[in-house]
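The values are calculated or read from the model by the stated rules, or taken from the named source; none is laboratory data. Quick caveat, the model's predicted, so the values are computed rather than measured. Heads up, the Cβs are rebuilt from the backbone with ideal geometry, glycines too, and the neighbour counts pull from every protein chain shown. Areas reflect the complete protein model, heavy atoms only, side chains present, ligands, DNA and RNA absent. Shrake-Rupley method; radii C 1.70, N 1.55, O 1.52, S 1.80 Å.
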Amino acid sequence: MPGGAPAPDGAGLQVEVRPPWPYRLPGSGGGDAVMRVRRGIVTRLLHVEGQPVVVRAWQRRDGNVVFQSVPPASGHRSEVAIERMRFALGVDDDYRPMYDRFRADRLLGTAIRRVRWHRPRRRPWAWEALAWSITQQLIESSRAAGIQRRMVSRWGTRCTGPDGSTLRDVPSAELLAGRAPAELAAMDLAPARALAVIRAAREVAKGRVDPSDPAGDRRLLAIREIGPWTVQCLGLYGRGEVDALPAGDLGFIKLVGRLGGLGRRATVEEVEEFFAPYAPYRGLAGSFVLAAFHKAVATGPPLRFAA
């Protein structure tokens, strides 16, 4: 894997990576609008040690992915920002061990072959995964994305990108810790979940919880409105824990109801039982299966709720 080196013409730090598994850069930036994808170039503003760093990524014809920081970020902050974007985009992930183990499995083996380039949509920082997971509880993904965009627009730090466009970052835990519940509720966030975001932000801001460390999950679960699903999302999308399965996700509930021939939406327990054979890759397996078969679920007849 090539190391980092200064890019030509003072363009900052540049790192070129050879993905160990079939790879495609994402074609869209996501619902919160903090990551931009234009003409095949991914651009994201991050904050490292409180300082802004803009990272760009693009894929060469030979499959290699190039990451580049934009001046005037220091070398250390550039290295950290690029490392976090490599994590978020999953460019270093090698799924060969999982595929070799389950290649003969009619469901997972088929799913991997259908969408070999798939990656779970991870966040550069575990804090982002935690905050956004709380905003996504029990509502449609489109509504959650709208809430996130409003929060980013209202409180996200701004920076001018290399193409002159305005980039925004996800609000920090320190910033959200100081908000009033009514301010978040005004973003269309349910009052109870607005309070949960603030309480989680205070735990992180005061150093009592490090979202990147599972040791803090018990304190998070003590916050009302934060349950196993939120922590499982944090594990899968914020820490890269491939066995963390957000079993209460509506997509999985519908998927298992359809694939399991239940004729209804599955329960959380049925989702967990369905993916149990894929340990220690349950979360990753679920992500691949959902990516491969979500269209069949979306176009099928409506499923009734579980009793």
- Residue that is most open to solvent (accessible area, probe 1.4 Å) [pool: residues in segment 27-44 that are aliphatic (A, V, I, L, M) and touching a helix residue (DSSP H, G or I) at 6+ places or on another chain (Cβ under 9 Å)]: Ala33
- In segment 72-101, what residues are part of a loop (DSSP other than H, G, I, E, B) and either surrounded by fewer than 19 Cβ atoms within 10 Å (Cβ to Cβ) or not hydrophobic (A, V, I, L, M, F, W, C) (or both)? Pro72, Ser74, Gly90, Asp92, Asp93, Asp94, Tyr95
- Give me a count of the residues in segment 211-230 that are outside any helix (DSSP H, G or I) and either of a type in the set (Gly, Ala, Ser) or touching a Phe, Trp or Tyr at 6+ places or on another chain (Cβ under 7 Å) (or both). 4
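Can you tell me which residues in segment 182-197 are free of Cβ contacts under 8 Å to residues at least 60 places away in the same chain and more than 16 Å from Val152 (Cα to Cα)?
Ala182, Ala190, Pro191, Ala192, Arg193, Leu195
In segment 102-117, which residue that is in a helix (DSSP H, G or I) and open to solvent by less than 30 Å² (accessible area, probe 1.4 Å) is nearest to Tyr23 (Cα to Cα)? Talk me through it step by step, then tell me what you get.
Step one: filter segment 102-117 for residues in a helix (DSSP H, G or I), giving 102, 108-114.
So of that shortlist, the ones also open to solvent by less than 30 Å² (accessible area, probe 1.4 Å) come out as 102, 108-109, 111-112.
Values: Phe102: 20, Leu108: 18, Gly109: 17, Ala111: 15, Ile112: 12 Å.
Applying the filter and picking the extreme gives Ile112.
Conditions tested, residue by residue: (1) open to solvent by 70 Å² or more (accessible area, probe 1.4 Å); (2) in contact with a strand residue (DSSP E or B) (Cβ under 6 Å, 6 or more places away or on another chain); (3) not hydroxyl-bearing (Ser, Thr, Tyr).
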site: Glu140; (1), (2), (3): yes, no, yes
site: Ala144; (1), (2), (3): no, no, yes
site: Gly161; (1), (2), (3): no, yes, yes
site: Ser165; (1), (2), (3): no, no, no
site: Ser172; (1), (2), (3): no, no, no
site: Met187; (1), (2), (3): no, no, yes
site: Arg202; (1), (2), (3): yes, no, yes
site: Gly238; (1), (2), (3): no, no, yes
- Query: How do the pairs read when you match residues in segment 66-79 that are more than 12 Å from Gln51 (Cβ to Cβ) and aromatic (Phe, Trp, Tyr) with residues anywhere that are assigned to a strand (DSSP E or B) and modelled with pLDDT of 90 or more, using Cβ under 6 Å and keeping only pairs 6 or more apart or on different chains?
  - Reply: Phe67/Val15; Phe67/Ala57
- Note on the structure: Counting only residues that are open to solvent by 30 Å² or more (accessible area, probe 1.4 Å) and not basic (Lys, Arg), segment 219-236 contains a total of 6
- Query: Of the conditions (1) assigned to a helix (DSSP H, G or I); (2) under 18 Å from Thr135 (Cα atoms), Glu273 fails just one. Which one is it?
  - Reply: (2)
- Item | segment 55-70 - residue that is of a type in the set (S, T, N, Q) and assigned to a strand (DSSP E or B) and, of those, surrounded by the fewest Cβ atoms within 10 Å (Cβ to Cβ) | Gln59
- Query: So which of Arg208, Arg258 ends up being open to solvent by 40 Å² or more (accessible area, probe 1.4 Å) and in a loop (DSSP other than H, G, I, E, B)?
  - Reply: Arg208
